[in-house]
Amino acid sequence: MTNDLGNKESTDIDLRNTLRCELASRDPLRVDVRIDEQLEPLSGQVIDLSRGGAKIMLPTTVAINSEASIEIKTGSGTITSKVKVCWSRPSENAWCIGVAFKDEFPASELSILATNGYIERRRDKRVAHRAGMTARWELGADPICVNLVDVSAGGLRITSSEAGEVGHRVLIETDDNPGLPIVVKIQWLRATEQGFDIGCAFVNKNCYRTLRQQLGIHRRIPLPPLPSYTTRQLIALTVGIAIVTFAGFMIANNDAAEAIGLLFRNAYR
């Protein structure tokens, strides 16, 4: 059995040519990997996935280039797919493997996983922000009150007592800016005990800037991380600074340099 134990994640199929969805749920997304129909499947969990492939954590490794079938358990059903094992490497007390789907993972199945709260489909970082809003559904006559939960450069999430329809557009107005609607498109919705969680995408780039201004959210520029040094590097750096400082002092003070030189010559006579 040959395994790639390094960081190389090569495959005939580019596993990263589509958006990789990180797991958003605290509950792990369970998966069974069956290499041979006559053997018991290996049970593990999905780390991330895209329409091209997935990263899976298993208790043991499997051979690279082997064919397998996987069953992803969503709680409300099972998603089955044929895969090819592309790479494998150890990870603490388990093995992390990369697989490529034989057929592109259906967008509808990704939507189901997103709707059920298992995966995060937004590329941009979410910023939690609570605010009251008014929403007017594309086919609705009257506006309804909704609550903003979080926002990112690509969209926002709201809670509502009424369900919209995936694919439809919504006019969103903040409570402090009536008459200045922002247009979003419903990407997914999920029923909750309080009503509905609804994920929306901005229809153009200006929507995020406008909403941020209306809500008073100002983009903060993160400070670069401080460099980290080992003890040996710190000692070398300190010595280097001392040498440069001493050399500068000697050059700038010729009399002092001559005096120190004379002192050393007398000491070694």
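Enumerate the pairs (first residue in segment 54-70 and assigned by TED's automatic domain parsing to the domain that holds K84; second residue anywhere and in a loop (DSSP other than H, G, I, E, B) and not hydrophobic (A, V, I, L, M, F, W, C)) with beta-carbon separation below 8 Å, excluding pairs fewer than 6 apart on the same chain, so at least 6 apart or on different chains.
T61/N3; A63/T2; A63/N3; I64/T2; I64/N3; I64/D4
Name the residues in segment 151-166 that are assigned to a loop (DSSP other than H, G, I, E, B) and over 24 Å from the mean Cα position of the chain (by Cα), would you? Show your work before the answer.
Filtering segment 151-166 down to residues assigned to a loop (DSSP other than H, G, I, E, B) leaves 152-154, 161-166.
Correct list: S161, E162, A163, G164, E165.
Looking at segment 195-206, can you tell me whether even one residue there is in a helix (DSSP H, G or I) and either surrounded by 14 or more Cβ atoms within 10 Å (Cβ to Cβ) or without any contact (Cβ under 8 Å) to a residue 60 or more places away in the chain (or both)?
Yes; the residues of segment 195-206 include at least one that is in a helix (DSSP H, G or I) and either surrounded by 14 or more Cβ atoms within 10 Å (Cβ to Cβ) or without any contact (Cβ under 8 Å) to a residue 60 or more places away in the chain (or both).
Answer with yes or no whether R212 is modelled with pLDDT of 80 or more, of a type in the set (D, E, K, R) and outside any strand (DSSP E or B). Reasoning before the result, please.
On the way: modelled with pLDDT of 80 or more: yes; of a type in the set (D, E, K, R): yes; outside any strand (DSSP E or B): yes.
When the stated conditions are applied, R212 passes them.
If I filter segment 140-150 down to residues being of a type in the set (A, V, I, L, M, F, W, C) and surrounded by fewer than 19 Cβ atoms within 10 Å (Cβ to Cβ), which single residue comes out as nearest to the chain's Cα centre (by Cα)?
Going through the qualifying residues, I end up with V149.
Only one of these conditions is not met by R130: (1) surrounded by 15 or more Cβ atoms within 10 Å (Cβ to Cβ); (2) farther than 22 Å from A107 by Cα. Which number is it?
Of everything listed in (1) surrounded by 15 or more Cβ atoms within 10 Å (Cβ to Cβ); (2) farther than 22 Å from A107 by Cα, R130 misses just condition (1).
Which condition from (1) within 26 Å of the chain's Cα centre (by Cα); (2) modelled with pLDDT of 85 or more is the one that V170 breaks?
The single condition V170 does not satisfy is (1).
Report yes if some residue within segment 88-104 is under 24 Å from A201 (Cβ atoms), outside the structural domain of L171 (by TED's automatic domain parsing) and either out of contact with any strand residue (DSSP E or B) (no Cβ under 7 Å at 6 or more places or on another chain) or at pLDDT 90 or above (or both); otherwise report no. Full working, then the answer.
First pass over segment 88-104, keeping only residues under 24 Å from A201 (Cβ atoms): 104.
If we keep only those that are outside the structural domain of L171 (by TED's automatic domain parsing) as well, we get 104.
When the remaining residues are screened for being either out of contact with any strand residue (DSSP E or B) (no Cβ under 7 Å at 6 or more places or on another chain) or at pLDDT 90 or above (or both), the result is 104.
Yes: segment 88-104 contains one or more residues that are under 24 Å from A201 (Cβ atoms), outside the structural domain of L171 (by TED's automatic domain parsing) and either out of contact with any strand residue (DSSP E or B) (no Cβ under 7 Å at 6 or more places or on another chain) or at pLDDT 90 or above (or both).
Take S160 and tell me if it is at pLDDT 90 or above, polar (S, T, N, Q) and under 30 Å from A63 (Cα atoms).
The answer is no for S160.
The values are calculated or read from the model by the stated rules, or taken from the named source; none is laboratory data. It should be emphasised that the depicted structure is a prediction, and the values quoted were computed from it without experimental measurement. Cβ coordinates were reconstructed from backbone atoms using ideal geometry, including for glycine residues, and neighbour counts include every protein chain displayed.
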